[in-house]
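Notes follow once the structure below has been shown.
Just so it is clear, none of the values below were taken in a lab; they were calculated from the coordinates. Because the structure is predicted, anything quoted here is derived from the model rather than measured. With ideal geometry, Cβ positions are generated from the backbone for all residues, glycine too; neighbour counts draw on all protein chains shown.
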């Protein structure tokens, strides 16, 4: 498992050497190396592993992109979005939900333009979760997407926001034009 150890410790040159040796399997332990470096944010090693056809960037239901999302590794997300094997809507749109829950605004910005991603997944849970946690910028991004219904779940987003801060509540109630028609 030298490839796992070298990847985990960020030894890029050692990883390059190992990848050039046909005896080394960079997909060992169900693609553990790419999962590990995606979580750690090691962009250089993720790039090397993605270039190797033996590595499955979509292993374990796209676990690498889900790990990178939770850990807030924006540059890794960019690499995965450029890889056609990766599905950013995996596991019921887990990446957009995780980014909303964790407050990773830049990752939400990267995921929203992808047509495979549904920001209204799980009955509009991303906006509800972002509201509950006071992630105002993410709430604004989600409100700008016509697929999102902030009144879903008996106005769950506004109820959650009102528990958090007045500012969060005002973002959901007032539209950018100043209209207040979202609460039904």
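Points to keep in mind about this one:
- Cα gyration tensor, the stretch 38-78 - rounded (a/c under 1.5), prolate or oblate: oblate
- Taking the C-alpha atoms only, the angle from helix 28-40 to the longest principal axis of the chain is near 50 degrees.
- Relative contact order of the stretch 70-126, taken over Cα pairs closer than 8 Å and 6 or more residues apart, is 37 percent.
- Between helix 121-133 and the chain there is an angle of about 80 degrees, using the helix long axis and the longest principal axis of the Cα atoms.
- Prolate/oblate/rounded call for the stretch 1-87, Cα gyration tensor, a/c under 1.5 rounded: prolate
- The chain: calculated mean residue ellipticity at 222 nm from DSSP helix runs of at least 4, using -39500 (n - 2.57): -19000 deg cm²/dmol
- Among 115, 57, 92, residue whose mean-square fluctuation peaks in a GNM of the chain (springs only between Cα atoms under 10 Å): 115
- Largest GNM mean-square fluctuation across 75, 137, 13, computed for the chain with C-alpha springs under 10 Å, falls on 13.
- Cα gyration tensor, the stretch 67-135 - rounded (a/c under 1.5), prolate or oblate: oblate
- Cα centroid of the stretch 65-100 to Cα centroid of the stretch 15-63, whole Å: 16
- Just checking the listed ones, 125, 147, 23: in the Gaussian network model of the chain with Cα springs under 10 Å, the one fluctuating most is 23.
- Pairwise label distance in nanometres, residue 78 with residue 51, each label 7 Å out on the Cα-Cβ vector: 1.7
- Reported label for calculated percent of Cα pairs over 28 Å apart given (i) 34; (ii) 63; (iii) 38: (i)
- The chain: relative contact order as a whole-number percent, Cα under 8 Å and 6+ apart: 13
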